[in-house]
Amino acid sequence: MAESVEIRGTCDPRFDGVRETFAQAFERGEELGASVCVTLEGETVVDLFAGFADEARTRPWERDNLVNVFSTTKGMTTICALHLVDQDLLDLDAPVATYWPEFKAGGKAELPVRHLLSHRAGLVAVKKPLPQGSLYDWEVMTQALAEQEPWWTPGERHGYHAISFGFLVGEVVRRISGKSLGTYFREEIAEPLGLDFYIGLPEEHEPRVSPLVQGPVHSDGGPDLFTRILEDPESMLAKAFINPPLLPTDANTRPWRAAEIPAANGHGTAAALARIYAALSLGGELEGVRVLSPQTIELARTEQSLGQDAILPLVSRFGLGFGMPPAEEPTGPNSEVFGHSGAGGSYGQADPENRMSFGYTMNLMHSGVWLVDPRPRALLRSVYAALD
């Protein structure tokens, strides 16, 4: 049993159960530093933080600590693409090659943009070996993906595009807007809405970053994902995660933080996640700032992919870019919520039916065979219990 920590921040008395669940995770030793934020009708009702920002427990975790949220970044990248849809600049059913001519190589001339967002493109990985550091070179990654033949017939199945998603969607955004994905997100989404979230972290924010710490692996008696990867380095699964080479410790380096890796290296706060998803839970507008239209939000949370994932050893479900909970792994009573989770535990979600949003960030990484870490799922159970 870990020693108790002070839970700081604010919490509407109606949501005291969320505070209790949050505190219990620290008491069980499941957290090092973490934040949780919940909005209802656009108003913040939970904004709690606790613990430490470093493994040595010398720096208190603060409300504005930034952390790499890995694939939770995909939700932000998705919003950028949908923002272009709203402006009639991007047609989801048009071939990707309409916007990115080089993409037609490898038999992909007719592959529609929709397949990129729904993880149906079959471009989960680059087959040819890529050198160390390629993740930080936009041109190298996008050129390799443009040349790559799909691993399966696009549209016939779906599989999680763990790293490639961000380069594929990001290059479409760049070709249309003339801006890198990180720049587009900052100028069109983050700054207007006041989000403390970055894809390509400016060096001035480095003092606020909490390094990630490797935590427990929940194997449930079977091999964890990375053990499976190492079993066959030439497999589609291995190539999807470690081509180019990628180590867990890379996420704590300045080159990783500075690069734009729109599927995996966003840095932000729980409050930022709750705020962006608050806008989407309210029809796309918050405090006079329009992010997306109600029609595009409804389109984006229309199920596109459901079933056994071709990459992950589980059932997955996707709308257009957003993750949606399959029946096997609910995140609450509403199966039509949408958002995205990230390796290690982070999570952001919008629930338009309840006009609620949720954000969770942490620095102690757990891993297991799940779509959403048990810690945010426990917090969400407490949120929904308060809404009953």
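Quick note: the coordinates plus some simple rules give every number you see, no bench work behind them. Keep in mind that what you see is a predicted model, and the values were worked out from it rather than measured. Neighbour counts are summed over all protein chains in view; Cβ atoms, including those assigned to glycine, are modelled from backbone coordinates with ideal geometry.
Which of the aspartates and glutamates could a cross-linker span from Lys127 if the Cα-Cα distance has to be under 16 Å and same-chain partners fewer than 8 positions apart are dropped?
Result set, ordered by chain and number: Glu147, Glu149, Asp232, Glu234.
For a test of the definition: using alpha carbon positions, the gyration tensor, and the 1.5 limit on a/c, classify the chain as rounded, prolate or oblate.
It is prolate, given that a/c is not under 1.5 and a/b is the larger ratio.
Assuming 0.36 nm per residue, please report the length gained on full extension of the stretch Val315 to Glu231 beyond their Cα-Cα distance.
28.1 nm is the gain from fully extending Val315 to Glu231.
In terms of Cα to Cα distance under 25 Å, which lysines are near enough to Lys179, apart from those fewer than 8 places away along the same chain?
Partners within reach: Lys74, Lys104, Lys108.
Please get the size of the charge dipole for region 51-208, origin at its Cα centre, with Cβ charges of +1 on Lys and Arg and -1 on Asp and Glu, quoted in debye to the nearest 20.
520 debye
For every other residue with a beta carbon closer than 9 angstrom to the beta carbon of Phe318, add +1 if it is Lys or Arg and -1 if Asp or Glu, then tell me the sum.
Its environment carries a net charge of +1.
HN-Hα J couplings of region 237-251 from phi, Karplus 6.51/-1.76/1.60, θ = phi - 60°, integer Hz, Gly and Pro as x?
4, 5, 4, 5, 10, 10, 10, x, x, 9, 10, x, 6, 4, 5
Can you give me the C-alpha center-to-center distance between region 57-94 and region 370-388, rounded to a whole angstrom?
A separation of 21 Å, based on Cα centres.
Counting DSSP beta bridges with both partners in the chain, what percentage is antiparallel, nearest 5?
Counting only bridges with both partners in the chain, antiparallel ones make up about 90 percent.
Would you grab the residues whose amide H sits under 5 Å from the one on Gly344? Only those 5+ places off in sequence or on another chain, please, with H modelled 1.01 Å from N.
Long-range HN contacts for Gly344: His366.
Out of Ala258, Val140, Ile199, whose Cα points farthest toward the positive end of the dipole of the chain (charges: +1 Lys, Arg; -1 Asp, Glu; placed on Cβ)?
The Cα lying farthest towards the positive end belongs to Val140.
Which peptide among 177-183, 101-107 comes first, and what is the full order, when sorted by highest mean count of other Cβ atoms within 10 Å?
177-183, 101-107
Explain nothing, just the number: relative contact order of the chain, from Cα pairs under 8 Å at least 6 residues apart, as a whole percent.
That works out to 24 percent.
Roughly what would the spin-label model give for Glu156 and Val289, points 7 Å off Cα along C-beta, in nm?
Distance between label points: 4.4 nm.
I'd like the FRET efficiency for Ala105 and Asp64, computed as 1/(1 + (r/R0)^6) with the beta carbon distance as r and R0 of 30 Å, rounded to 0.05.
Here the calculated transfer efficiency is 0.10.
Say the dipole of the chain comes from +1 at the beta carbon of Lys and Arg and -1 at that of Asp and Glu; which of Pro131, Ala327, Ile242 then lies farthest toward its positive end?
Projecting each Cα onto the dipole axis, the largest value belongs to Pro131.
Quick one: grab the alpha carbon gyration tensor of region 257-388, order the square roots of its eigenvalues as a ≥ b ≥ c, and give me rounded if a/c is under 1.5, else prolate or oblate depending on whether a/b is larger than b/c.
Rounded, because the longest to shortest axis ratio a/c is under 1.5.
If a/c stays under 1.5 just call it rounded; otherwise compare a/b with b/c (prolate if a/b is bigger, oblate if not). Do that for region 71-113, with a ≥ b ≥ c from the square roots of the Cα gyration tensor eigenvalues.
oblate
Just how large is the dipole of the chain about the Cα centre, in debye to the nearest 20, putting +1 at every Lys and Arg Cβ and -1 at every Asp and Glu Cβ?
It works out to roughly 480 debye.
Quick one: Karplus J couplings for region 157-172, per residue in order, coefficients 6.51, -1.76, 1.60, θ = phi - 60°, nearest Hz, x for Gly and Pro?
7, 10, x, 5, 8, 4, 10, 5, 3, x, 6, 5, 5, x, 5, 4
How big is the gap, in Å, between the Cα center of region 124-196 and the Cα center of region 220-293?
12 Å
Could you tally the net charge around Gly106, taking each other residue with its Cβ under 11 Å from the Cβ of Gly106, Lys/Arg +1 and Asp/Glu -1?
0
What length, rounded to one decimal in nm, is gained on full extension from Asp91 through to Leu299, with 0.36 nm per residue of separation minus their alpha-carbon distance?
Gain on extension, Asp91 to Leu299, equals 73.6 nm.
So who's got an amide H within less than 5 Å of the one on Ile261, skipping anything under 5 residues away but keeping other chains? H placed 1.01 Å off N, in plane.
Residues meeting the amide H criterion: Gly200.
Using modelled backbone amide H atoms (1.01 Å from N, in-plane), which distant-in-sequence or interchain residues come within less than 5 Å of Gly266's amide H?
Amide H neighbours of Gly266, under 5 Å, 5+ apart: Val69, Phe70, Thr73.
Just how large is the dipole of region 215-308 about the Cα centre, in debye to the nearest 20, putting +1 at every Lys and Arg Cβ and -1 at every Asp and Glu Cβ?
340 debye
Output the peptides 6-19, 60-73 sorted from most to least packed, where packing is the average of other Cβ atoms within 10 Å over each peptide's residues.
60-73, 6-19
Taking only Cα atoms, what is the 0 to 90° angle, nearest 10, from helix 138-147's long axis to the longest principal axis of the chain?
Once rounded, one gets 50 degrees.
Could you derive backbone 3J(HN,Hα) for region 254-269 from the dihedral phi with the Karplus parameters 6.51, -1.76 and 1.60 (θ = phi - 60°), listing whole Hz in sequence and x where the residue is Gly or Pro?
5, x, 5, 5, 6, 6, 9, 10, x, 9, 8, 10, x, 10, x, 10
Quick one: if the Förster radius is 30 Å, what FRET efficiency do Arg208 and Ala378 give, using the C-beta to C-beta distance and rounding to 0.05?
Result of the calculation: an efficiency of 0.65.
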